[in-house]
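Visitor: Mind having a look at this structure? Questions to follow.
The values are calculated or read from the model by the stated rules, or taken from the named source; none is laboratory data. Here the structure is a predicted model, which is why all the values come from computation and not from measurement. Heads up, the Cβs are rebuilt from the backbone with ideal geometry, glycines too, and the neighbour counts pull from every protein chain shown.
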Amino acid sequence: MLIDADKIDEVGLDDEQELKEAPGLTSLFSRFIKAVVLLVFLVVVAMLIAKLLAVTYLSAKAVDWITQTFGLPPMMKPAIALLAFGACWRIANDLFSFRSNRRSKAYSVLVASFMAVSILAWTQVRDDNFERDGSGKALRFCAMTPTGLYCRNEPGVDPEFSEPLKPVTKEMAHWIHLLKNRTQMRVDESQSDWFHPATGQPLLWYCECGDGTEFYALPGYHPVEQTQLKPVSNEVALRYKSQRQSGSPKVP
(Lines give C-alpha, C1' and ligand atoms only; values in the text may rest on other atoms or scores of the structure.)
Protein backbone atom coordinates (compact mmCIF):
# COMPACT_ATOMS: atom_id res chain seq x y z
CA MET A 1 0.00 0.00 0.00
CA LEU A 2 1.43 3.35 -1.07
CA ILE A 3 1.21 6.44 1.21
CA ASP A 4 1.05 9.84 -0.35
CA ALA A 5 3.89 11.92 1.04
CA ASP A 6 2.01 15.17 0.47
CA LYS A 7 -0.83 14.02 2.71
CA ILE A 8 1.65 13.08 5.41
CA ASP A 9 3.11 16.56 5.22
CA GLU A 10 -0.39 18.14 5.51
CA VAL A 11 -1.22 16.04 8.59
CA GLY A 12 2.05 17.03 10.16
CA LEU A 13 1.33 20.69 9.56
CA ASP A 14 -2.15 20.37 11.17
CA ASP A 15 -0.66 18.71 14.27
CA GLU A 16 1.91 21.47 14.57
CA GLN A 17 -0.86 24.10 14.31
CA GLU A 18 -2.90 22.37 17.07
CA LEU A 19 0.18 22.19 19.30
CA LYS A 20 0.76 25.91 18.77
CA GLU A 21 -2.90 26.72 19.65
CA ALA A 22 -3.08 24.32 22.66
CA PRO A 23 -0.90 26.40 25.03
CA GLY A 24 -3.27 29.36 24.63
CA LEU A 25 -6.32 27.27 25.55
CA THR A 26 -4.49 25.67 28.45
CA SER A 27 -3.46 29.07 29.80
CA LEU A 28 -7.05 30.36 29.57
CA PHE A 29 -8.43 27.30 31.33
CA SER A 30 -5.75 27.59 34.01
CA ARG A 31 -6.63 31.22 34.65
CA PHE A 32 -10.31 30.30 34.93
CA ILE A 33 -9.57 27.59 37.50
CA LYS A 34 -7.42 30.00 39.51
CA ALA A 35 -10.17 32.62 39.46
CA VAL A 36 -12.75 30.08 40.69
CA VAL A 37 -10.44 28.89 43.47
CA LEU A 38 -9.74 32.48 44.52
CA LEU A 39 -13.44 33.31 44.51
CA VAL A 40 -14.25 30.27 46.65
CA PHE A 41 -11.43 31.19 49.03
CA LEU A 42 -12.69 34.76 49.38
CA VAL A 43 -16.26 33.55 49.98
CA VAL A 44 -15.08 31.14 52.68
CA VAL A 45 -13.00 33.85 54.37
CA ALA A 46 -15.92 36.30 54.21
CA MET A 47 -18.24 33.70 55.77
CA LEU A 48 -15.75 33.00 58.55
CA ILE A 49 -15.34 36.71 59.27
CA ALA A 50 -19.12 37.20 59.24
CA LYS A 51 -19.58 34.24 61.61
CA LEU A 52 -16.84 35.55 63.90
CA LEU A 53 -18.43 39.00 64.04
CA ALA A 54 -21.92 37.56 64.59
CA VAL A 55 -20.76 35.20 67.35
CA THR A 56 -18.78 37.99 69.03
CA TYR A 57 -21.77 40.34 68.94
CA LEU A 58 -24.18 37.71 70.27
CA SER A 59 -21.72 36.69 72.99
CA ALA A 60 -21.30 40.30 74.14
CA LYS A 61 -25.06 40.79 74.26
CA ALA A 62 -25.47 37.52 76.16
CA VAL A 63 -22.83 38.54 78.71
CA ASP A 64 -24.47 41.91 79.32
CA TRP A 65 -27.91 40.34 79.64
CA ILE A 66 -26.77 37.54 81.97
CA THR A 67 -24.79 39.80 84.31
CA GLN A 68 -27.58 42.37 84.42
CA THR A 69 -30.43 39.88 84.87
CA PHE A 70 -28.76 37.75 87.52
CA GLY A 71 -26.94 40.61 89.23
CA LEU A 72 -23.46 39.10 88.76
CA PRO A 73 -20.34 41.14 89.61
CA PRO A 74 -18.35 42.71 86.73
CA MET A 75 -15.29 40.58 87.56
CA MET A 76 -17.18 37.53 86.26
CA LYS A 77 -17.66 39.03 82.80
CA PRO A 78 -14.46 37.60 81.24
CA ALA A 79 -15.29 34.04 82.29
CA ILE A 80 -18.88 34.36 81.15
CA ALA A 81 -17.73 35.90 77.85
CA LEU A 82 -15.37 32.98 77.20
CA LEU A 83 -18.06 30.41 77.91
CA ALA A 84 -20.64 32.30 75.85
CA PHE A 85 -18.28 32.67 72.88
CA GLY A 86 -17.34 28.98 72.92
CA ALA A 87 -20.96 27.87 73.15
CA CYS A 88 -22.11 30.23 70.38
CA TRP A 89 -19.22 29.21 68.10
CA ARG A 90 -19.92 25.49 68.57
CA ILE A 91 -23.62 25.92 67.95
CA ALA A 92 -22.95 28.06 64.86
CA ASN A 93 -20.63 25.37 63.46
CA ASP A 94 -23.21 22.64 64.02
CA LEU A 95 -26.10 24.69 62.65
CA PHE A 96 -24.36 24.98 59.27
CA SER A 97 -22.88 21.49 59.27
CA PHE A 98 -23.34 19.18 56.27
CA ARG A 99 -24.37 16.39 58.65
CA SER A 100 -28.07 16.34 59.42
CA ASN A 101 -27.60 14.75 62.85
CA ARG A 102 -25.28 17.59 63.94
CA ARG A 103 -27.74 20.19 62.69
CA SER A 104 -30.61 18.51 64.55
CA LYS A 105 -28.56 18.31 67.73
CA ALA A 106 -27.61 21.98 67.45
CA TYR A 107 -31.24 23.05 67.00
CA SER A 108 -32.26 20.96 70.01
CA VAL A 109 -29.50 22.43 72.19
CA LEU A 110 -30.39 25.95 71.03
CA VAL A 111 -34.10 25.56 71.85
CA ALA A 112 -33.42 23.85 75.20
CA SER A 113 -30.89 26.53 76.19
CA PHE A 114 -33.27 29.32 75.24
CA MET A 115 -36.10 27.80 77.31
CA ALA A 116 -33.87 27.15 80.33
CA VAL A 117 -32.38 30.65 80.33
CA SER A 118 -35.84 32.20 79.84
CA ILE A 119 -37.24 30.32 82.85
CA LEU A 120 -34.26 31.23 85.02
CA ALA A 121 -34.49 34.86 83.94
CA TRP A 122 -38.21 34.95 84.67
CA THR A 123 -37.60 33.73 88.22
CA GLN A 124 -35.14 36.58 88.66
CA VAL A 125 -37.15 39.45 87.17
CA ARG A 126 -40.75 38.45 87.81
CA ASP A 127 -40.94 40.72 90.86
CA ASP A 128 -39.12 43.67 89.27
CA ASN A 129 -41.05 46.91 89.05
CA PHE A 130 -38.47 48.82 87.00
CA GLU A 131 -35.86 48.08 84.32
CA ARG A 132 -32.45 47.07 85.66
CA ASP A 133 -30.52 49.07 83.09
CA GLY A 134 -30.82 52.26 85.12
CA SER A 135 -33.42 53.88 82.88
CA GLY A 136 -36.11 53.64 85.54
CA LYS A 137 -38.67 52.47 82.98
CA ALA A 138 -41.75 50.96 84.63
CA LEU A 139 -42.34 47.27 84.03
CA ARG A 140 -45.72 47.10 85.76
CA PHE A 141 -48.98 48.98 85.54
CA CYS A 142 -51.13 49.22 88.66
CA ALA A 143 -54.38 50.59 90.02
CA MET A 144 -55.76 50.77 93.55
CA THR A 145 -59.16 49.04 93.66
CA PRO A 146 -61.64 48.28 96.47
CA THR A 147 -60.11 44.80 96.74
CA GLY A 148 -56.51 45.99 96.83
CA LEU A 149 -53.69 46.89 94.49
CA TYR A 150 -54.07 45.28 91.05
CA CYS A 151 -50.98 45.07 88.82
CA ARG A 152 -49.98 43.47 85.54
CA ASN A 153 -47.18 43.79 82.99
CA GLU A 154 -49.03 45.82 80.37
CA PRO A 155 -51.25 48.91 80.35
CA GLY A 156 -55.02 48.67 80.31
CA VAL A 157 -57.76 48.64 82.94
CA ASP A 158 -58.57 46.58 85.98
CA PRO A 159 -61.01 43.89 84.69
CA GLU A 160 -63.15 43.97 87.84
CA PHE A 161 -63.62 47.66 88.51
CA SER A 162 -62.42 49.16 85.19
CA GLU A 163 -59.85 51.30 86.95
CA PRO A 164 -57.17 52.55 84.49
CA LEU A 165 -53.75 51.06 85.09
CA LYS A 166 -50.91 53.54 85.50
CA PRO A 167 -47.14 52.94 85.25
CA VAL A 168 -45.79 51.86 88.61
CA THR A 169 -44.17 54.59 90.69
CA LYS A 170 -41.84 54.45 93.70
CA GLU A 171 -44.87 54.90 95.93
CA MET A 172 -46.68 51.99 94.28
CA ALA A 173 -43.55 49.85 94.51
CA HIS A 174 -43.55 50.57 98.25
CA TRP A 175 -47.18 49.46 98.43
CA ILE A 176 -46.41 46.25 96.54
CA HIS A 177 -43.63 45.42 98.99
CA LEU A 178 -45.92 46.00 101.97
CA LEU A 179 -48.75 43.96 100.47
CA LYS A 180 -46.40 40.99 100.12
CA ASN A 181 -45.08 41.18 103.66
CA ARG A 182 -47.94 42.51 105.76
CA THR A 183 -51.60 41.74 106.38
CA GLN A 184 -54.21 44.45 106.14
CA MET A 185 -55.49 45.31 109.60
CA ARG A 186 -56.44 48.22 111.76
CA VAL A 187 -53.46 49.26 113.88
CA ASP A 188 -52.77 51.33 116.95
CA GLU A 189 -51.02 54.35 115.54
CA SER A 190 -49.43 55.16 118.89
CA GLN A 191 -47.63 51.80 118.86
CA SER A 192 -46.65 51.79 115.18
CA ASP A 193 -44.01 53.43 113.02
CA TRP A 194 -45.52 56.05 110.76
CA PHE A 195 -42.65 56.15 108.27
CA HIS A 196 -39.93 53.82 107.07
CA PRO A 197 -36.70 54.82 108.86
CA ALA A 198 -34.54 54.38 105.74
CA THR A 199 -36.72 55.66 102.90
CA GLY A 200 -39.22 57.91 104.66
CA GLN A 201 -42.11 56.16 102.87
CA PRO A 202 -45.40 56.01 104.82
CA LEU A 203 -46.13 52.85 106.77
CA LEU A 204 -49.66 53.81 107.80
CA TRP A 205 -52.84 54.73 105.95
CA TYR A 206 -55.79 56.42 107.53
CA CYS A 207 -59.49 57.11 107.06
CA GLU A 208 -61.59 59.80 108.67
CA CYS A 209 -64.47 57.70 109.91
CA GLY A 210 -67.22 59.25 112.01
CA ASP A 211 -65.81 61.22 114.90
CA GLY A 212 -62.32 59.77 114.77
CA THR A 213 -59.53 58.51 112.55
CA GLU A 214 -58.76 54.88 111.84
CA PHE A 215 -55.29 53.73 110.84
CA TYR A 216 -54.41 50.69 108.74
CA ALA A 217 -51.23 48.83 107.91
CA LEU A 218 -51.69 48.80 104.14
CA PRO A 219 -53.13 50.95 101.35
CA GLY A 220 -56.57 50.12 100.03
CA TYR A 221 -60.17 50.89 100.90
CA HIS A 222 -61.98 51.08 104.22
CA PRO A 223 -63.67 47.71 104.82
CA VAL A 224 -67.04 49.29 105.69
CA GLU A 225 -67.27 52.72 104.11
CA GLN A 226 -65.29 51.70 100.98
CA THR A 227 -63.48 55.03 100.89
CA GLN A 228 -59.87 54.97 99.76
CA LEU A 229 -57.34 55.12 102.58
CA LYS A 230 -54.89 58.00 102.51
CA PRO A 231 -51.17 57.68 103.24
CA VAL A 232 -49.92 59.59 106.26
CA SER A 233 -47.59 62.52 105.74
CA ASN A 234 -45.40 64.70 107.93
CA GLU A 235 -48.09 67.34 108.03
CA VAL A 236 -50.72 64.79 108.99
CA ALA A 237 -48.47 63.35 111.71
CA LEU A 238 -47.87 66.79 113.25
CA ARG A 239 -51.56 67.73 113.16
CA TYR A 240 -52.60 64.38 114.57
CA LYS A 241 -50.10 64.63 117.40
CA SER A 242 -51.30 68.13 118.23
CA GLN A 243 -54.97 67.13 118.16
CA ARG A 244 -54.31 63.97 120.17
CA GLN A 245 -52.77 66.06 122.91
CA SER A 246 -55.89 68.24 122.87
CA GLY A 247 -58.10 65.14 123.13
CA SER A 248 -59.54 65.09 119.59
CA PRO A 249 -57.42 62.72 117.46
CA LYS A 250 -58.96 63.45 114.09
CA VAL A 251 -56.91 64.35 111.06
CA PRO A 252 -58.24 67.58 109.48
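Visitor: Give the number of residues within the stretch 210-223 that are of a type outside the set (Gly, Ala, Ser), out of contact with any strand residue (DSSP E or B) (no Cβ under 6 Å at 6 or more places or on another chain) and at pLDDT 75 or above.
Guide: So the count comes out to 1.
Visitor: Can you tell me how many residues within the stretch 126-150 are surrounded by 16 or more Cβ atoms within 10 Å (Cβ to Cβ) and touching a Phe, Trp or Tyr at 6+ places or on another chain (Cβ under 9 Å)?
Guide: 9
Visitor: Please go through (1) in the same structural domain as Asn234 (by TED's automatic domain parsing); (2) on the phi < 0 side of the Ramachandran plot; (3) surrounded by fewer than 16 Cβ atoms within 10 Å (Cβ to Cβ) for Asn153 and return the number of the only condition it doesn't satisfy.
Guide: That leaves (1) as the condition not met.
Visitor: Consider Thr145 against the criteria (1) at pLDDT 85 or above; (2) farther than 22 Å from Gly71 by Cα; (3) polar (S, T, N, Q): it satisfies all of them except one. Which criterion is unmet?
Guide: Unmet for Thr145, out of (1) at pLDDT 85 or above; (2) farther than 22 Å from Gly71 by Cα; (3) polar (S, T, N, Q): (1).
Visitor: Is one or more of the residues making up the stretch 71-80 surrounded by 10 or more Cβ atoms within 10 Å (Cβ to Cβ), under 30 Å from Lys166 (Cβ atoms), within 16 Å of the chain's Cα centre (by Cα) and modelled with pLDDT under 85?
Guide: no
Visitor: Here's something else I'd like to know. For the stretch 56-66, state whether one or more residues are in a helix (DSSP H, G or I), out of contact with any Cys (no Cβ under 8 Å at 6 or more places or on another chain) and farther than 30 Å from Asp127 by Cα. Break it down into steps so the answer makes sense when it comes.
Guide: As a first pass, look at the stretch 56-66 and keep what is in a helix (DSSP H, G or I): 56-66.
Next, from what is left, pick out any that are out of contact with any Cys (no Cβ under 8 Å at 6 or more places or on another chain): 56-57, 60-61, 63-66.
Now restrict to residues that are farther than 30 Å from Asp127 by Cα: 56.
Yes; the residues of the stretch 56-66 include at least one that is in a helix (DSSP H, G or I), out of contact with any Cys (no Cβ under 8 Å at 6 or more places or on another chain) and farther than 30 Å from Asp127 by Cα.
Visitor: Would you be able to say whether some residue in the stretch 59-69 is surrounded by 10 or more Cβ atoms within 10 Å (Cβ to Cβ), more than 24 Å from Asp133 (Cα to Cα), modelled with pLDDT of 80 or more and not acidic (Asp, Glu)?
Guide: Initially, the stretch 59-69 is screened for residues surrounded by 10 or more Cβ atoms within 10 Å (Cβ to Cβ), giving 59-69.
Imposing the further condition that a residue be more than 24 Å from Asp133 (Cα to Cα) reduces the set to none.
No: zero hits.
Visitor: What's the number of the only condition in (1) farther than 28 Å from Pro223 by Cα; (2) without any contact (Cβ under 8 Å) to a residue 40 or more places away in the chain that Arg132 fails to meet?
Guide: Status for Arg132: all satisfied but (2).
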